[in-house]
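This report concerns only the one structure given below.
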Amino acid sequence: PCGYGLHRQLTALGHDCMVVAPSLILMKAGDRVKTDRRDAVMLAKLHRAGELTAVWVPDGAHEAMRDLIRARATAVRVLGKARQHLQGFLLRHGRVYAGKRGWTLAYRRWLTMVHFEHPAQQVVLQDYIHAVTDAEARVTRLPQQIEDLVPNWSMAPVVEALQAMRGVAFIVAVTVAAEVGDFSRFDNPRQLMAYLGLVPSEHSSGNTVRRGGITKAGNALARRALIEGAWTYRMQARISRKLHDRNENLPQAIRDIAWKAQVRLCARYRRLAAAGKAKVVVTTAIAREMVGFLWAIARQVEVKPAA
């Protein structure tokens, strides 16, 4: 519950400290007695046996940027909930918008013309509208603050380089950089794929091989951002104007990796879709391969020292 502050405090005092995720601690399935003493003895035994896996600890500036990026993700979820509450209230009282799309300018004008006979219901409607408006303002404000602070961040070169990839604009790039952190701690891209939970689960024994859906282990925010970016590969490979502007100041080696990724992933998307795979399965497979190219790009970049 103390975050990484306790780790920094102990290391500043000269002590060796390891942070271990609870999900990575081995537990006996039949053990039903839990006390602090038993936990301490168990952790000491696992540490002596080398069975504890340490997690990467970010510095204070990196953790602060990660908090800001997660605040934006929270604001997006709050906005979605606020809109659902408003639309559910209208639907419950038979107020249905006749247009094709919601949350357009025409839809907002229609909201101003919705009236209820009882004043209490009119107050509820206006309160839901204010909640949506406040959430939209928050979603608009936080990305601008992220853009203002990223240039002074040690991961700024990585964020800029990751945007060479198609489907990895500023928000996706800064999210992946904040959640993954130091890319060099992964010896190969398969480790990063497993860290993000994009590899298939498996339950095999003997000659029987059973593979299921992705594990969904690790960081959900980065995984969701990558899957959203993978949808762009359903189109043919091309360098759009926005992508050209993002690549203009990048080294040729990074641009070559990004173009190689685009040619391969667009062809793979078409091939998997032609084989009859579901769109969500195809997109997840593309996101998994995107991680490999992102890892290769990040290894080309020299990270600035933390301020």
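The values are calculated or read from the model by the stated rules, or taken from the named source; none is laboratory data. Quick caveat, the model's predicted, so the values are computed rather than measured. Counting neighbours? That spans all protein chains shown, and the Cβs are built from the backbone with ideal geometry, glycine included. Heavy atoms of the whole protein, side chains included, go into the accessibility calculation; ligands, DNA and RNA do not. Shrake-Rupley method; radii C 1.70, N 1.55, O 1.52, S 1.80 Å.
Of the residues screened, R246 is not one that is at pLDDT below 95, assigned to a loop (DSSP other than H, G, I, E, B) and not small (G, A, S). R38 meets each of the listed conditions (1) within 26 Å of the chain's Cα centre (by Cα); (2) open to solvent by 90 Å² or more (accessible area, probe 1.4 Å); (3) within 30 Å of V20 (Cα to Cα); (4) not hydroxyl-bearing (S, T, Y) apart from (1).
Could we say that G5 is at pLDDT below 90, under 25 Å from F183 (Cα atoms) and out of contact with any helix residue (DSSP H, G or I) (no Cβ under 8 Å at 6 or more places or on another chain) here?
Yes: the conditions hold for G5.
Counting the residues of the range 1-22 that are within 24 Å of G50 (Cβ to Cβ), free of Cβ contacts under 8 Å to residues at least 12 places away in the same chain and part of a helix (DSSP H, G or I) gives 4. Selection of the range 109-123 for residues being exposed (fewer than 13 other Cβ atoms within 10 Å of the Cβ) and under 28 Å from L142 (Cα atoms) yields R109, T112. Each residue in the range 7-21 was checked for being β-branched (V, I, T) and under 28 Å from the mean Cα position of the chain (by Cα), and 2 of them qualify. When restricted to residues that are under 31 Å from the mean Cα position of the chain (by Cα) and either loosely packed, with under 13 Cβ neighbours inside 10 Å or in a loop (DSSP other than H, G, I, E, B) (or both), the range 88-108 contains 7.
So that you can scan it fast, the table gives a plain yes or no per residue for (1) surrounded by 13 or more Cβ atoms within 10 Å (Cβ to Cβ); (2) free of Cβ contacts under 8 Å to residues at least 60 places away in the same chain:
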| position | (1), (2) |
| --- | --- |
| A230 | yes, no |
| I239 | yes, yes |
| N247 | yes, no |
| Q252 | no, yes |
| R255 | yes, no |
| R268 | yes, yes |
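For the range 168-184, residues that are open to solvent by 20 Å² or more (accessible area, probe 1.4 Å) and either among the β-branched types (V, I, T) or under 16 Å from K242 (Cβ atoms) (or both) total 4.
When you look at T175, is it closer than 25 Å to L196 by Cα and not aliphatic (A, V, I, L, M), yes or no?
yes
The set of residues in the range 215-227 being in a helix (DSSP H, G or I) and either in contact (Cβ under 8 Å) with a residue 60 or more places away in the chain or open to solvent by less than 60 Å² (accessible area, probe 1.4 Å) (or both) consists of A220, L221, A222, R223, A225, L226, I227. Taking Y195, is it within 16 Å of F293 (Cβ to Cβ), among the hydroxyl-bearing types (S, T, Y) and within 13 Å of the chain's Cα centre (by Cα)? Yes.
Annotation: of all residues in the range 152-167 being more than 16 Å from the chain's Cα centre (by Cα) and polar (S, T, N, Q), the one that is least open to solvent (accessible area, probe 1.4 Å) is S154.
Every condition in (1) open to solvent by 50 Å² or more (accessible area, probe 1.4 Å); (2) more than 21 Å from A178 (Cβ to Cβ); (3) outside any loop (DSSP other than H, G, I, E, B); (4) aliphatic (A, V, I, L, M) holds for L149 except the one numbered (2).
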